[in-house]
Amino acid sequence: MIKEMILAAAATLAAEPGIQYGVSGSFGGMMGDVPVYAGGCNFPFEDPIIVPASDKTFYCGIYNALTGERIGSLPVKTAYGASAQTDLGLVMAGGSTKDAWLLTPDGKLQELPPLPQTVDNGYGAAIGHTVYIAGGNIDGKPSRGVIALDLDNQRAGWKLLSLMPGLPRVQPVMAAAGGKLYIWGGFYAGEPKTVHTSGLCYDPEADSWTELPEPAPGVTLSGGVAVTAGENRIVCTGGVNRQIFLDAITDQAPDYLEHPIEWYKFNGKTYIFHPHDQTWSVMEYKPEHARAGAATALLPDGTILLLGGELKPRVRTPQPAAL
């Protein structure tokens, strides 16, 4: 039996203490015509750089991204899960838990089959009513895995698909177009340490992979976002600077957290991929897009909202930005 709860009226729920600092690693998408984010984590202090890593705080609230009002709660506190938008609702899965949920357009939160293993820092997308999660850490280990759930056949549970070729991809981005999945970026902190720039295309019908070009020479989308905006456009922005992040996972300097925001050179350009001819176009840099770990919501008018994310390691933003 499907368990579900109806989200409460916003006036009956208080915002969680600390959420005002903004979060990264939250779920994000649309509940009907309302952009929402849920869960996520932060360091809720005036100076988040000086506090121990153990002071990271996780959240369970579901919030209207435009008004900031809390409209409900996930059953558990979680962050770094995967989101996927479908016409049945917003799928939110994994992170700090194996749990998965469907947030329906009319504000009901339904339980979905749990993930077979914990998956954090992967990325989600949907083709029709089938939801995919790629990359990230599976049970804490960097992964090349891709799993899928058919929302019309939930009893079958999540299925493991063919592994991505190459090294694992933690914090990749992924979007679906024309019945295929398109993945870029991600990093691997094992050996050889790698911050990916190129991408991969997965064809579910053939269960096969092909390589994709990078957005621009040396540019990674690791930690960024990807949103399908029509069948012939995948919009990508945000994420880390490849060389600075590679240096950090190779031999992090003692003062790595102490630099000003500009030093980290997060990506503020928007790259648009055209699946029909596998080419990229690029839009100008905007500082409000230079964030990592953001969630997204695609509004009915085609506007893409960036929700939360960090401006530099540990420093979050509560301000949405429009693409």
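Taken together, the values in this text are just the output of simple stated rules run on the coordinates, not laboratory data. None of these values were measured; they are calculated from a predicted model.
Here are some notes:
- Linear extension gain, residue 278 paired with residue 252, 0.36 nm per residue minus alpha-carbon span: 5.8 nm
- 17 Å tail of the calculated P(r), the range 18-145, as % of Cα pairs: 56
- Fully extending the segment from residue 15 to residue 232, taken as 0.36 nm per residue of separation minus the present Cα-Cα distance, adds 74.2 nm.
- Debye log10 I(q)/I(0) at q = 0.21 Å⁻¹ for the range 73-158, Cα point scatterers: -0.93
- Here, the range 247-323 has an Rg and a Dmax of 14.9, 46 Å when only alpha carbons are counted.
- Computed P(r) (all Cα pairs; the range 220-262; 10 Å bins; percent): 23, 40, 22, 13, 2
- Restraint check, 77/141; 193/269; 193/265; 77/286; 98/265, Cα-Cα greater than 30 Å: 77/286; 98/265
- Normalised by the number of residues in the range 49-202, the average gap of Cα pairs under 8 Å and 6 or more apart makes the relative contact order 13 percent.
- The range 102-171: relative contact order as a whole-number percent, Cα under 8 Å and 6+ apart: 27
- Each principal axis of the Cα atoms in the chain has its own extent, and those three values, largest first, are 51, 47, 38 angstrom.
- Value of Rg to Rh for the range 87-227, rounded to two decimals, is 0.96; Kirkwood radius and Rg both from alpha-carbon coordinates.
- Full extension of the chain segment joining residue 87 with residue 152 gains 22.2 nm, where the gain is 0.36 nm per residue of separation less the Cα-Cα distance.
- Mean separation of Cα contacts under 8 Å (6+ apart) over length of the chain, as relative contact order %: 14
- Candidates 85, 252, 110, ranked by Gaussian network fluctuation over the chain, Cα under 10 Å, top entry: 252
- Distant-in-sequence amide H partners of residue 118 (H built 1.01 Å from N, under 5 Å): 139
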